[in-house]
Each structure stands twice: as C-alpha cells, then as structure tokens.
Amino acid sequence: MDLRQLRHFLAVAETLHFGRAADLLGMTQPPLSQSIMALERELGAALFTRSRRSVALTAFGRQWLEHVRPAVEKVAELPDIARRLRDGRAGRLALSFVSTADYSVLPRLVQSYSAAFPDVEVTLVEATSDVQIEALLGGRFDAGILISTRPALPAPLDYRPLLREPLVAAVPEAWIGEGRLSMAGESLQGDDWMDQPLIIFPSRVSPAFHDLVLGFYRSRGRQPVIRQEAIQMQTIISLVSAGMGLALVPASLRHLARTGVRYVGLASEPPCLETGLAWRKADDSATLSSLIAIAEAQR
C-alpha cells in the first residue's frame with residue numbers, strides 16, 4: 001500500500017460515499033473504487049460494506065481507521081517538520097560545559113537560546129575540557145563550553161572566546177580570622193599567601209588553567225605547594241571549606257557560596273582565564289549555527 005491509497009481510504013471513510021469522496025480527492029469514482037478494492041485485497045479483509053444505497057465501514061475498517069488517520073496526519077506534518085529542522089526551530093542540541101561555566105556564561109546562553117528556540121531539545125552535560133574535546137571530535141556533543149586550551153584545539157574543531165575574567169583566591173575563612181593571611185581590605189596583601197597549600201585542577205584536565213596558575217606563581221619567584229588536585233570546581237571549593245588549602249578560581253565563582261569559604265582579590269595584577277565555545281567545523285546544523293550566533297551576540 002502507499003500513502004495515496006491511505007488517503008483514498010480516509011476520504012471514503014469520512015464521507016461514506018464514493019462519489020463525494022472522489023470529488024474531494026479530485027478524481028473520478030471508478031479509479032477510487034479500484035484503489036479501495038486493491039487495498040482490501042492487500043489487507044485480506046473488507047474495509048467497507050457496499051449496497052446500491054449506502055456505504056458503511058466494516059468492524060475491521062472502523063478499527064483500522066483509528067490507526068490510519070493519525071498516521072496520515074503525521075505524514076502531512078513532515079513538510080513543516082522539515083522546514084523547522086532546516087531553520088533550526090526544531091531538533092536536538094547537545095551542549096557540554098565545564099563546571100566554571102555554570103557560574104558565568106552558561107545560564108544566560110542557555111536561557112537566551114531556549115527562549116529563541118523553545119522547540120529545540122537541549123541536552124546539557126557537564127564535562128572537563130579534555131573530555132569535551134574528545135567527545136566533540138567523536139560527534140557525541142554538538143558544541144562545548146570549555147577553558148581555552150594549550151596547545152591549540154585539534155584542526156577539526158573551531159573555537160570562539162566567550163569570556164575573559166580575572167582569577168580571585170578562594171580561601172578558608174578561618175585563615176583570615178587566625179591572621180594566617182595578610183589582607184588589604186578585600187584583597188590578599190603581598191605574596192606571602194603563596195606559601196600556603198594550593199588546591200588546583202590537574203594539568204591533564206585543563207592544561208591552560210593549570211599553567212595559568214603555576215605561571216602566576218613563578219612570575220613572582222614562587223613555587224606552589226600543591227596540596228591536592230581535583231577535577232570539579234565544586235570539589236575544589238569543598239576542599240577549601242575544609243581548610244585543606246586555597247585555590248585560584250575565576251571571579252564568577254563568587255556566585256558559588258559555601259560556608260567557610262571567602263573569595264578575595266589578588267593585590268597584584270591577576271591573571272585572566274578565557275572560556276570559549278568549541279564545535280566541529282564540518283557540522284552545518286541549523287541548531288548549532290543559531291547557538292553560535294547567540295553566543296557571539298553575548299560576547
């Protein structure tokens with residue numbers, strides 16, 4: 001059977017008259033009758049009982065109609081669905097993000113995209129930069145918000161910076177009360193605080209972030225005392241809260257309130273961390289193009 005036959009069946013079922021159904025379909029009655037009989041032969045059961053005065057659905061025809069009508073309606077929707085997919089107004093978008101983006105660029109980007117394209121199903125996955133790069137190359141994510149990488153991203157990927165923000169220090173609040181840190185207002189004073197144990201991202205997870213922090217220490221002639229490494233920013237802040245050490249984090253992490261943790265500025269010129277959007281150059285989907293446009297408009 002084909003879609004044409006199904007439409008013939010619906011027309012006759014709705015009018016219960018071959019002549020009126022033929023008029024609705026823009027055809028003559030004999031080929032319509034032949035189409036219905038061919039459909040009945042294929043199904044192996046009668047769809048209609050016919051007399052000289054009336055046409056009625058058989059019990060089988062009534063039950064099959066319940067399945068045919070929604071199926072044909074779905075087929076009729078396909079051209080509009082195709083247009084919506086083509087224009088990026090429908091479909092799916094898988095977006096990965098580093099934990100730091102949850103406190104900076106991610107909420108506004110997702111909110112703006114979802115408001116503009118409410119029928120696109122957005123899937124969010126938190127992942128470290130190294131995991132995101134591998135997943136993007138493998139096609140498991142459409143785009144990723146990650147910390148700028150070193151060395152450059154693999155050739156198949158494209159990248160746009162979204163945010164540059166200074167680092168601040170997340171320190172155990174008890175240390176300030178104990179006089180363990182020299183403060184100048186809401187900033188660390190001098191460089192003696194660099195002698196305190198440090199909690200940091202591992203180099204394998206985010207080499208650019210790791211190198212940014214270590215480079216800041218070394219530019220002041222200091223060698224950091226790394227107490228612990230952690231791959232999630234929430235874990236790093238929890239370790240700071242436990243008094244295990246301090247951490248240098250993006251300024252947007254001030255939004256992550258945690259008992260026992262205080263965010264303070266750096267007295268000297270702080271290093272800046274860059275967060276950006278990466279995607280496969282070969283991906284030409286409309287949903288991705290729309291995301292990139294919105295992201296660039298928010299820079």
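The values are calculated or read from the model by the stated rules, or taken from the named source; none is laboratory data. Note that the structure is a prediction, hence the values are computed from the model and not measured. Here Cβ is always computed from backbone atoms with ideal geometry, including for glycine, and neighbour counts include all displayed protein chains.
Of the helices (runs of 4 or more DSSP H) lying entirely inside segment 51-165, the ones with 2 or more residues being out of contact with any Leu (no Cβ under 9 Å at 6 or more places or on another chain) and within 30 Å of H17 (Cα to Cα) are found at 59-86. Has segment 232-240 got any residue that is over 21 Å from V105 (Cβ atoms) and touching a residue at least 60 places away in the same chain (Cβ under 8 Å)? Checked segment 232-240: at least one residue is over 21 Å from V105 (Cβ atoms) and touching a residue at least 60 places away in the same chain (Cβ under 8 Å).
Examine segment 256-274 for a residue that is at pLDDT 95 or above, within 16 Å of Q196 (Cα to Cα), more than 29 Å from the chain's Cα centre (by Cα) and exposed (fewer than 14 other Cβ atoms within 10 Å of the Cβ), and state whether such a residue exists. No: zero hits. A single member of I237, I199 is in a helix (DSSP H, G or I), under 17 Å from I147 (Cβ atoms) and either in the same structural domain as G177 (by TED's automatic domain parsing) or not hydrophobic (A, V, I, L, M, F, W, C) (or both), and it is I237. With respect to the conditions (1) over 23 Å from A127 (Cα atoms); (2) outside the structural domain of A152 (by TED's automatic domain parsing); (3) surrounded by 15 or more Cβ atoms within 10 Å (Cβ to Cβ), P207 lacks only one, and its number is (1).
Within the option set V72, V55, being surrounded by 12 or more Cβ atoms within 10 Å (Cβ to Cβ) and in contact with a Lys or Arg (Cβ under 7 Å, 6 or more places away or on another chain) holds for one residue only, V72.
Could you please find all residues in segment 260-286 being among the polar types (S, T, N, Q) and under 30 Å from E173 (Cβ atoms)?
S268, T275 - these are the residues of segment 260-286 that are among the polar types (S, T, N, Q) and under 30 Å from E173 (Cβ atoms).
The set of residues from segment 210-222 being over 39 Å from the mean Cα position of the chain (by Cα) and exposed (fewer than 12 other Cβ atoms within 10 Å of the Cβ) comprises R220, G221. Taking the criterion of being surrounded by 11 or more Cβ atoms within 10 Å (Cβ to Cβ), within 19 Å of M1 (Cα to Cα) and of a type in the set (D, E, K, R), the only residue of segment 20-52 that qualifies is E40.
Consider segment 3-35 and keep the residues that are in a loop (DSSP other than H, G, I, E, B) and out of contact with any strand residue (DSSP E or B) (no Cβ under 8 Å at 6 or more places or on another chain). The one that is nearest to E73 (Cα to Cα) is G26.
All but one of (1) over 15 Å from L277 (Cβ atoms); (2) crowded, with 16+ Cβ neighbours inside 10 Å; (3) touching a Phe, Trp or Tyr at 6+ places or on another chain (Cβ under 9 Å) hold for I199; state the number of the condition that does not hold. Single failed check for I199: (3).
Among the residues of segment 232-255, just one is β-branched (V, I, T) and surrounded by fewer than 16 Cβ atoms within 10 Å (Cβ to Cβ), namely T235. Inside segment 119-147, can you point out the residues that are closer than 19 Å to A295 by Cα, surrounded by fewer than 21 Cβ atoms within 10 Å (Cβ to Cβ) and of a type outside the set (A, V, I, L, M)? The answer is D119, E121, T123, E126.
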